[in-house]
Structure formats: C-alpha cells, structure tokens
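S.K.: Mind looking over this structure? Questions follow.
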Amino acid sequence: MPEMVVIPAGSFQMGCVSGIDCYDDEKPVREVKIDSFALSKYEVTFEEYDAFTDATGRERANDEGWGRGRRPVINVSWYDAIAYTEWLSDQTGKTYRLPSESEWEYAARAGTGTAYSWGDSIDYDRANCDGCVSAWDGEKTAPVGSFEANAWGVYDMHGNVSEWAQDCWRPSYRGVPTDGSAGVRGDCNRRLMRGGSWADKPRILRSATRLTYSSEARSIFYGFRVARSF
C-alpha cells in the first residue's frame, strides 16, 4: 500500500505565477481553494503496481529492463492508473483516486510561488530529468525517494515520471474549477499529466507545466501517484 502524506488545506495561486518559461495553457493565473487530502509520498512503484496486476491477472507493466521494486511504475495509461486506484480502494476500504491537477500543483508547490518547489532554477541533483545533473539524467527512471522531499514531505514531484491527473484536457484555465475538484469538461479522451519525466528538459518540470496525452497511451515516461480524500 502506498505511504501517504497529509496535505494541509489552504488556497494558492495556480498557474505560471513565477513568470518564468510560461506557456499559454498555464493562464490565467487564478486562486484555488484546496481541502486537506492525502497524497502518496512517492510515485506508485513497480512493487505496488505488481501486487495489483498479480492479484487481478492483468499483464505486468514493462520495466524496460531498468528494474522493478522501488522504481516508479512506467508504461501505464490513465485507464491503468484508474484501475489500480479502484483495486486499492477495494483492498483497503478507503477511497483512493488520482489527484486533480489543482491538488497536484498545490502539493508540488508546497507553499511556494517559484518555478520549482526549491526556487526558480533547476539547481544540481534536485531531480531526474534531461539537464538536472543527476546519475540518471536522460537515461532512465531513478528509484523513488532518490532526491530531497519538498517542504510537505512529498518526493519526486519534479521529474522522474510524468504523473497522470484526473482532469480532462482544456487549453486554458478559463472555466476550470477553483475548488480543488477535477475538471470533467473538455476533451476527456485526453487527460492531464504533471511533473515531467526523466527525459524532459527542466522547463517541463516546473510546478505550473501542464501536459496532455491520450487516456489510452502508455509510455516509458508515464507513471502516477494516488490521492485519498478524508
């Protein structure tokens, strides 16, 4: 079972508040209110995901020969991630889900308004990406927790694997919920991803960056983490 961290309730400015490397879909910046929720401390690992596939008879996700165990699961679609949360909910009697993109950004920022949770520059060995100056840069995933946690005790919100969120894709924040809930209007054949991956440039790892892919797509760059409401 994923280890969870309690994220405190609060409000924040969502979008490209740093003014650095902004994309148009990160606007307009708006205030979003977030209720307290739990978020997995790490990205869901192969160890955790393999327990699900073995129990349900599904095919195991391909690890590309990089190793399983404490590495983040990859090659999972949005639908695969949803199936895992449903199975985990059945196993535990608690309601697990994917985070909304506003919950994700709120947890990634951990009270900051900078490009990354630690500041406005990528710095040295803070994350796994193409240009982060780590042992895994641009080559493969790193074991979860290989870098320092943010101020709220959550690891790998920047880099390693791009993480699925609940929300349907919309090309701006106009008309998107401001109460922390997921956006269910828009192109629901495509879903939001956050955080960037081991193969992305630092700009894609910013707290504000939004990515979108087909809900059915699987990739060596895609993973996820889980959330739970109280």
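The values are calculated or read from the model by the stated rules, or taken from the named source; none is laboratory data. In this text the structure is predicted, and so the values were computed from the model without any measurement. Every residue, glycine among them, receives a Cβ derived from its backbone with ideal geometry; neighbour counts consider all protein chains shown. Ligands, DNA and RNA are stripped out before the accessible areas are found, and what is left, the full protein with its side chains, is counted by its heavy atoms. Shrake-Rupley method; radii C 1.70, N 1.55, O 1.52, S 1.80 Å.
S.K.: For the chain: lysine pairs with Cα atoms under 24 Å, gap of 8 or more or different chains, count?
M.R.: Eligible lysine pairs with Cα atoms under 24 Å apart amount to 7.
S.K.: Would you mind getting the accessible area per residue of the chain, heavy atoms of the protein chains only, 1.4 Å probe, in Å²?
M.R.: 41 Å²
S.K.: Considering only protein heavy atoms, what is the solvent-accessible area of Cys129 at a probe of 1.4 Å, reported in Å² to the nearest 10?
M.R.: Near enough 0 Å² of accessible area.
S.K.: Additional query: How many percent of the accessible area of region 63-136 is carbon or sulfur, using a 1.4 Å probe?
M.R.: The nonpolar share, carbon plus sulfur, comes to 47 percent.
S.K.: Turning to a different aspect of this structure: Using amide H atoms built in the peptide plane, which far-off residues or other-chain residues are under 5 Å from Gly159 H to H?
M.R.: Those lying under 5 Å, H to H, from Gly159 are Gly196.
S.K.: Follow-up. Quote the convex hull volume per residue of region 164-230, based on C-alpha atoms, as a whole number of Å³.
M.R.: That works out to 106 Å³ per residue.
S.K.: Now for a different question. When all protein chains stay in place, what accessible area (Å², nearest 10, 1.4 Å probe) is found for Trp78?
M.R.: Roughly 30 Å² of Trp78 is accessible to a 1.4 Å probe.
S.K.: Label 7 Å along Cα→Cβ of Glu216; region 174-198 residues with amide nitrogen under 15 Å?
M.R.: 188-191
S.K.: Order Ile20, Ile122 by their accessible area, 1.4 angstrom probe, all chains in place, largest first.
M.R.: Of Ile20, Ile122, the descending order of accessible area is Ile20, Ile122.
S.K.: Same structure again: Roll a 1.4 Å probe over the protein heavy atoms and report the accessible area of Met193 in Å², nearest 10.
M.R.: Met193 has an accessible surface of roughly 0 Å² with all protein chains in place.
S.K.: Given region 70-161, what whole percent of its Cα pairs are spread farther than 17 Å? Don't skip to the end; give the middle numbers.
M.R.: Values: 2443 of 4186 pairs.
Within region 70-161, distances greater than 17 Å cover 58 percent of Cα pairs.
S.K.: Related question: Evaluate region 89-218: find the radius of gyration of its Cα atoms, find its Kirkwood radius, and give the ratio Rg to Rh.
M.R.: Using Cα coordinates only, the ratio equals 0.98.
S.K.: Going 7 Å from the Cα of Tyr79 toward and past its Cβ, which residues in region 157-178 have a backbone nitrogen under 15 Å from where you end up?
M.R.: Counting backbone N atoms under 15 Å from the label point, the list is empty.
S.K.: Working only with C-alpha atoms, what are the Rg and Dmax values of the chain, expressed in angstrom?
M.R.: So, for the chain, Rg and Dmax equal 16.1, 47 Å respectively.
S.K.: While we're looking at this one, here's another question. What's the FRET efficiency of Ala51 with Glu139 using the Cβ-Cβ distance as r and R₀ = 35 Å, to the nearest 0.05?
M.R.: Numbers: r = 27 Å, r/R0 = 0.77.
After rounding, the FRET efficiency stands at 0.85.
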